[in-house]
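Nothing in this text is a laboratory measurement; each read-out follows from the coordinates by a stated rule. Since the structure is predicted, the reported quantities are computational estimates derived from the model, not experimental observations. No Cβ is skipped: glycine too gets one built from the backbone with ideal geometry, and neighbour counts run over all protein chains shown.
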Amino acid sequence: MAVAGTVGSGTAPAADTAARWPSFFESLLTIAAIVALFPAFERLAASDTGRDGRFSDTALVIGGLPERVLPGLCATHGLLAEPLVRDRLCRRSELRGSQARVDAMPPALVDAFAQAGRAFQRPLVDAQKRRTELRLQQREGLGDLLALGDAIESIDADVQPYVERYALSPNAAGPLPLACSFTMISAALARLGTPVGERGDSAPANALLLLGAALDGHGATHALSAAALLPGAPRAGERGCERLGLPAALSGAATLMADAREAQMHATKNAAMRDLLRTAMEAQGFTVYPAEWWHFDYKDWRQYRILDIPFETLEHE
């Protein structure tokens, strides 16, 4: 018994200490992880736009894109195009017996291209106007200078990603691939007086339908522009078009236009849903906080003090 007692009293503290080491290291690792992640949580706490920006109301929203032009082009030029292009882009009901001449850019495409350019530039113009107004308020000392500075930085932070997302260039009204496509096809049509050779008479009509498909953001533009006969077009003169052939320009234009049309649709839907929410809340006596569309106050909220009481405390009251 004495031996057992001696052995037990000598080994128990060592075993106890060994058992504590893993827990000690786990605690150290937890503290280190918290310290490393704390700046990220601090940035998250400072953001009032919600997770993934779901509550954000970006200043750069595309609006005013042209209506879809492909149905009209199918009616005027569809029968002149290759079956490969015509059957994929046009419905039979859209085709007409009388077809327009393919010797110049159709007015519908000219107008749609100009309207698309204005639609992409308008958010930038509005952002510049807003930035100028805020800087004027700063110079005149109107409002919270820190808040004004943050608002200007927010605008600047929105502009560059928008420009990069849609490949906007100071030398082009809209996305660069769209401007390149329009310029190259216009130049090709202007050269129709020269022999078309092996490309055939369907090449100009193919180009017009594919340009319309690009403006509409049609998903088949990429495959068709690579397979269809297209007129020989010189490289566009815009800076950045030097390395783009017509098929690549049409494909890139279609991708960006599809993105823009989807963004416009989502913006319209979000605005409608916010209006619906606001109408429903106001019908019950709530008013929206101007700076946060998701923040509503009840009509008599000023009659109550702002409290910071844990839910556990409320459960016992």
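Structure above, values below:
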| quantity | calculated |
| --- | --- |
| Loop-located trypsin sites (Lys or Arg not before Pro) in region 58-151 whose Cβ has at most 15 other Cβ within 10 Å (DSSP) | R91, R96, R101 |
| Low-density loop positions, trypsin sites (Lys or Arg not before Pro), region 211-270 - DSSP coil, at most 15 other Cβ in 10 Å | R239, R243 |
| Net lengthening on full extension, T313/S93 (0.36 nm per residue, minus Cα-Cα) | 72.2 nm |
| Average projected area [Cα convex hull, region 273-315], square nanometres | 4.3 |
| Only Lys, Arg (+1) and Asp, Glu (-1) charged, at Cβ; region 69-163 dipole about Cα centre in debye | 560 |
